[in-house]
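These notes are about the structure you will find just below.
The values are calculated or read from the model by the stated rules, or taken from the named source; none is laboratory data. Since this is a predicted model, take the numbers as computed values, not measurements. Using ideal geometry, Cβ is built from the backbone for each residue, glycine included, and neighbour counts are taken over all protein chains shown.
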């Protein structure tokens with residue numbers, strides 16, 4: 001078959017896919033937006049207009065206490081399961097300049113349990129260096145040869161350095177003040193996955209999705225309680241858990257995802273004592289923490305209610321699908337399986353919030369209040385989760401996040417973007433760590449993919 005025929009077949013298949021997508025989504029065209037919105041308002045949501053000025057209730061609640069952003073990052077080196085090494089890092093960052101960042105790290109290798117996590121404050125010069133306001137909010141890593149900080153605790157060899165930014169005590173970043181944070185550049189690859197889940201809370205054996213900012217989400221079955229050995233070893237043959245039907249790769253995926261959630265909640269817990277925030281902003285749905293690290297989540301939950309600290313989960317990639325089933329009978333098109341992200345694209349005005357009726361949300365959201373918001377000109381909305389006990393502060397919290405978001409950005413609060421940037425584990429960092437600590441023969445035996453030896 002010639003090249004021309006192959007290209008023709010590909011063109012025909014791509015054209016077919018485009019026609020099917022048009023058939024599915026053109027029913028949601030702009031001329032039907034108003035009707036669709038009216039149906040949603042009647043059936044499932046209520047609309048509220050946000051304000052960019054900080055609400056008085058938030059000012060009273062905050063006092064001189066800071067806002068804290070919590071995010072995590074993961075990066076891997078190697079070929080594929082089980083021959084890879086993953087570094088996991090989580091950070092809690094305060095808007096107060098005199099607060100040191102709280103950073104927890106862990107290393108994951110499928111064959112055995114990793115060493116215990118350690119805290120690396122910025123002042124210690126390990127993993128990340130002392131904050132430098134002069135360096136700007138998003139400085140690039142310095143050249144390894146000239147770096148004076150960033151030494152590794154084991155060998156002391158200088159490999160990399162990172163700098164960050166802080167704000168004055170009690171202050172908040174001004175929306176749009178950092179061009180990079182509010183940038184609409186969607187092409188930059190991120191190495192930190194975004195872990196979210198909509199699995200049932202009552203049954204931990206339900207699927208637990210994992211998403212990445214630069215790859216489609218993959219759904220793996222969660223590991224049944226009690227089946228994952230503490231030492232990380234596997235039973236059965238060919239990577240399959242005997243009698244369970246769960247592959248070793250799937251179990252490892254869940255274990256790695258749970259480690260990331262655990263580190264993020266641990267940093268949030270430590271920030272409650274070290275930073276005394278009035279609000280903790282977590283990256284992703286609060287549901288994932290209740291599923292993946294139940295004990296740590298319950299400790300965190302009790303502490304924030306006791307201390308009166310607000311908690312909000314900022315969900316960048318919406319994966320829920322509870323709106324369309326509610327309005328199916330009232331619309332003129334058939335689009336079963338339509339996700340909320342697709343349904344709400346371009347539907348919200350800038351600065352609009354749609355609060356979802358608790359009778360509509362999925363069972364996994366029990367105990368939480370959920371809303372969709374559009375905080376910038378980006379037509380994709382985001383979602384917010386808050387504890388039901390704090391639902392009276394939902395509107396004020398959304399207004400605060402709106403005031404912290406660049407109008408021309410991607411619709412994510414600036415402070416969370418700053419934390420995401422600083423916690424990110426780069427490919428360069430991973431390569432430096434592996435080269436520094438893993439023997440060369442082990443790197444070649446376990447972590448070098450055959451495809452790297454290709455001559456083209």
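Worth pointing out:
- Which numbered condition residue 303 misses (of (1) modelled with pLDDT under 95; (2) more than 21 Å from the chain's Cα centre (by Cα)): (1)
- Checked against (1) in a loop (DSSP other than H, G, I, E, B); (2) at pLDDT below 90, residue 34 meets all criteria but (1).
- Any hit, segment 244-256, residues being farther than 23 Å from residue 75 by Cβ and either assigned to a loop (DSSP other than H, G, I, E, B) or modelled with pLDDT of 95 or more (or both): yes
- Within segment 344-367, being under 15 Å from residue 322 (Cα atoms) and touching a helix residue (DSSP H, G or I) at 6+ places or on another chain (Cβ under 6 Å) holds for 360, 364.
- In segment 324-414, counting only helices (runs of 4 or more DSSP H) that sit wholly within it, the ones holding 1 or more residues that are without any contact (Cβ under 8 Å) to a residue 60 or more places away in the chain, over 13 Å from residue 312 (Cβ atoms) and touching a strand residue (DSSP E or B) at 6+ places or on another chain (Cβ under 8 Å) span 340-344.
- Selection status of residue 425, touching a strand residue (DSSP E or B) at 6+ places or on another chain (Cβ under 7 Å) and under 30 Å from residue 107 (Cα atoms): yes
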